[in-house]
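Before any comments, here is the structure.
The values are calculated or read from the model by the stated rules, or taken from the named source; none is laboratory data. Since the structure is predicted, the reported quantities are computational estimates derived from the model, not experimental observations. Quick reminder, even Gly has a Cβ in these numbers, built from the backbone with ideal geometry, and neighbours come from all protein chains shown. SASA here: full protein model, heavy atoms, side chains in, ligands and nucleic acids out. Shrake-Rupley method; radii C 1.70, N 1.55, O 1.52, S 1.80 Å.
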Amino acid sequence: MTARLVAGARLFFLSAFLLAGIGAFGRVVGWVALTTTLGPTAYLLLAHPGSVGARLRSAVLAHASAVVAGLACLAAFGLWDHPSIVVQNHDTARQIGAQALAVGLTLFLLEMLDAHHPPAAATALLITSGISRPGPPLYGMLTGLALVLAIAPLLARAASNAAARRGRDGDGS
């Protein structure tokens, strides 16, 4: 029970620190950098750093594939300048088609590239729903993703090294 409490507290503080920093950075540059795809990506990188889904190669290729799939589906369905589902308070048949196809295409690409990173499906949905549309919303999401992919592994490694030092020094259990 104590080990779970310590691990949970570590994840709480690391994720809150990471995401608050990214949100603050986005605010400074005028973009929304904190999007829904960052939460599950941060979780994988912080909680399961040794998993296939947390490998940098998998995460980068997966999110890149999702961006390509999302943008391609926006173009194919004629939604490039269409209002987002948030603005409309609903989605249209074309948006639903683009969203479904973008996620399907993303999952296909992840399998073909052997780059398994489930949060990428959220990236495809954010783009095709218009929430992270081309322009500043997309730039913000991509900046947030880049920061999570760069910083989360460093935080996970630092926390792991600190725990190992405490264990060696007899301060932990």
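Observations on the structure shown:
- Screening the stretch 10-32 for residues that are more than 22 Å from Ser132 (Cβ to Cβ) and among the hydrophobic types (A, V, I, L, M, F, W, C) and picking the one that is surrounded by the most Cβ atoms within 10 Å (Cβ to Cβ) gives Leu14.
- Only one entry in Val60, Val6 is at pLDDT 95 or above and of a type in the set (A, V, I, L, M), namely Val60.
- Hits in the stretch 128-149 - residues which are within 18 Å of Ala69 (Cβ to Cβ), without any contact (Cβ under 8 Å) to a residue 60 or more places away in the chain and in a loop (DSSP other than H, G, I, E, B): Ser129, Gly130, Arg133
- Criterion (under 15 Å from the mean Cα position of the chain (by Cα), closer than 26 Å to Val29 by Cα and aliphatic (A, V, I, L, M)) met by exactly one of Leu126, Leu71: Leu126
- Verdict on Leu44 being within 12 Å of the chain's Cα centre (by Cα), open to solvent by less than 50 Å² (accessible area, probe 1.4 Å) and modelled with pLDDT of 95 or more: no
- For the stretch 68-80, the tally of residues that are part of a helix (DSSP H, G or I) and open to solvent by 20 Å² or more (accessible area, probe 1.4 Å) stands at 5.
- Residue that is nearest to Ala159 (Cα to Cα) [pool: residues in the stretch 50-67 that are touching a residue at least 40 places away in the same chain (Cβ under 8 Å) and surrounded by fewer than 17 Cβ atoms within 10 Å (Cβ to Cβ)]: Leu56
- Flag for Thr35 being surrounded by 14 or more Cβ atoms within 10 Å (Cβ to Cβ), touching a Pro at 6+ places or on another chain (Cβ under 6 Å) and touching a residue at least 12 places away in the same chain (Cβ under 8 Å): no
- Count - residues of the stretch 105-115 that are crowded, with 18+ Cβ neighbours inside 10 Å and either closer than 16 Å to Leu145 by Cα or touching a helix residue (DSSP H, G or I) at 6+ places or on another chain (Cβ under 6 Å) (or both): 5
Residue-wise test of (1) among the β-branched types (Val, Ile, Thr); (2) within 18 Å of the chain's Cα centre (by Cα); (3) more than 30 Å from Phe17 (Cα to Cα); (4) in a helix (DSSP H, G or I).
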site	(1), (2), (3), (4)
His90	no, no, yes, no
Gln99	no, yes, yes, yes
Gly104	no, yes, yes, yes
Ala121	no, yes, no, yes
Ala156	no, yes, no, yes
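- Count - residues of the stretch 81-93 that are surrounded by 12 or more Cβ atoms within 10 Å (Cβ to Cβ) and closer than 10 Å to Arg133 by Cβ: 3
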